[in-house]
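Structure first, then comments.
Every number here is computed from the coordinates shown, using simple stated rules; none is lab data. For clarity, every value in this text was computed on a predicted model and none was experimentally measured. Quick reminder, even Gly has a Cβ in these numbers, built from the backbone with ideal geometry, and neighbours come from all protein chains shown.
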Amino acid sequence: MKKIGILGSTGSIGTQTLDVARNNGDLQIVSLAAGSNIKKLEEQIREFRPKLAAVWSEEKAKELRTAVQDLDVRIVSGMEGLIEVCTCEEAEIVVTAIVGMIGILPTIEAMKAGKDIALANKETLVTAGHMIIPLAKRMGVNILPVDSEHSAIFQCLQGENRKQLGKILLTASGGPFRGKKREDLANIQVEDALRHPNWAMGPKITIDSSTLVNKGLEMMEAKWLFGIEPKDIQIVVQPKSIIHSMVEFVDGAVIAQLGTPDMKLPIQYALYYPERRFLPGERLDFGILSEITFEKPDMDTFRGLQLAFDAAAAGGSMPTVYNAANERAVSKFLNRKIAYLEIPEIIEASMEAHQVMADPTVEQILETEQSVYEFIESRW
């Protein structure tokens, strides 16, 4: 029986992780954490019976304590609560599916406590990869990627010598606006950007997929996960999301991982690695699949992707600026306070205003995040 903690249990990845647990009889959920959806969290507690659960606000925690007072579960709150969920003694592996830089400290503390990490929180590596990867090596813990693209790369590298890796081919669907030019995006509304052609995801990551910022963040993650420079990471648009990513070796051989667009596959692979388990669901039918096409990304129209490479090249605290600026810009767009094309404009202005710190601490990362938010609020 493998014992699991989940950070972000009511979101898209968290709920699909629980689906995987339902389909397998040997995964025990020992701790859960959510933001504010205590109704769904209560349902999860009643079904999976963890001993510990956390929500962000103490007020919500009080509500939840009352709702589950008939159960043997302890309810905690705040950053201390998130850390407790990630470090509880019973947990062997922690799924970090929470959105935002709020996930950095709990992830660090989980690794210090010897927990393996099933990583779905992009910000952890984008902003703090220079600390996270050395810490994982020092503590002897595994970081197992949950993103479909990084899981694909991870699977392609099994049994291979990573020193012979030549290039990563990171695939993108192109999002709902593939093929459009900048002038076509001037009047894009929230509803338009939330219509992803292939994947069912949370609103923030869906917007990021439409701007290709998500691919920029994944490029920065791949740099740390696989020890490869951004110049050796090529973004390839593959509209059907059949190839989830590829690796090219020094001899020119290319290995790809293919499958239907189903996040439960990379989740289950991370939880059971190196074992593979049966996963119910649709399979690829190569008799029906007539073709797989490829395109280059349009970095002029989708400026956010080029800015990601610029941020990675600058290094230090600049990826934090990129991530924080995008996070706040997407929030403003979802709340209909800015236009769609202002998202990359806000990112670029924030990057131009920042003085890079070469090797930021966690405190400096969080301070940078806050200063970016303040800069944006002063201008938009």
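Worth a mention:
- Hull volume per residue, based on the alpha-carbon atoms of the range 214-275 and their convex hull, is 123 Å³.
- Percent of beta bridges antiparallel (DSSP, the range 111-254, rounded to nearest 5): 40 percent
- Taking all Cα pairs closer than 8 Å and separated by 6 or more residues, the relative contact order of the chain comes to 15 percent.
- Shown here for the range 219-308: GluC sites (Glu not before Pro) in loop regions (DSSP other than H, G, I, E, B) with at most 11 other Cβ atoms within 10 Å, namely GLU275, GLU282, GLU291.
- If you take the alpha carbon atoms of the range 189-241 and fit the smallest convex hull around them, that volume is 89 Å³ per residue.
- Candidates per trypsin sites (Lys or Arg not before Pro) in the range 280-379, loop by DSSP, up to 15 other Cβ within 10 Å: ARG283, ARG336, LYS337
- Members of LYS2/LYS137; LYS3/LYS112; LYS3/LYS163 lying beyond 26 Å, as alpha-carbon distances in this model show: LYS3/LYS163
- Legend: Rg and Dmax of the range 232-314, from Cα coordinates, 16.1, 46 Å.
- Gained length - LYS62 relative to ASP192, 0.36 nm times residue gap less alpha-carbon distance: 43.0 nm
- Dipole of the chain [Lys/Arg +1, Asp/Glu -1 at C-beta], most positive-end residue of VAL190, GLN370, VAL95: VAL95
- Modelled FRET efficiency - R0 30 Å, LYS137 with GLN28, Cβ distances, 0.05 increments: 0.60
- Three-way shape label, the range 62-140, alpha-carbon gyration tensor, a/c 1.5: prolate
- Global geometry of the range 149-276, whether rounded, prolate or oblate, following the gyration tensor of its Cα atoms and the 1.5 cut on a/c: prolate
- Applying 1/(1 + (r/R0)^6) with R0 = 22 Å to the Cβ-Cβ distance of LYS337 and ASP184 gives a FRET efficiency near 0.50.
- The chain - Rg (one decimal) and Dmax (whole number), Cα, Å: 20.2, 62
- Residues with amide H under 5 Å from that of GLY202, placed H, sequence gap 5 or more: SER12
- For the cross-link pairs LYS39/LYS115; LYS181/LYS215; LYS122/LYS231; LYS181/LYS240, the ones whose C-alpha atoms lie over 23 Å apart are LYS39/LYS115.
- Of MET263, SER77, PHE226, farthest towards positive along the dipole that unit charges on Lys, Arg, Asp, Glu beta carbons give the chain: MET263
- Ordering of 28-40, 355-367, 315-327 by packing [mean C-beta count within 10 Å, highest first]: 315-327, 28-40, 355-367
- The range 57-189 shape via C-alpha gyration tensor axes, a/c threshold 1.5: oblate
- Counting only DSSP beta bridges with both residues in the chain, the antiparallel share comes to about 25 percent.
- Across the alpha-carbon atoms of the range 1-138, the computed radius of gyration and Dmax are 13.9, 44 angstrom.
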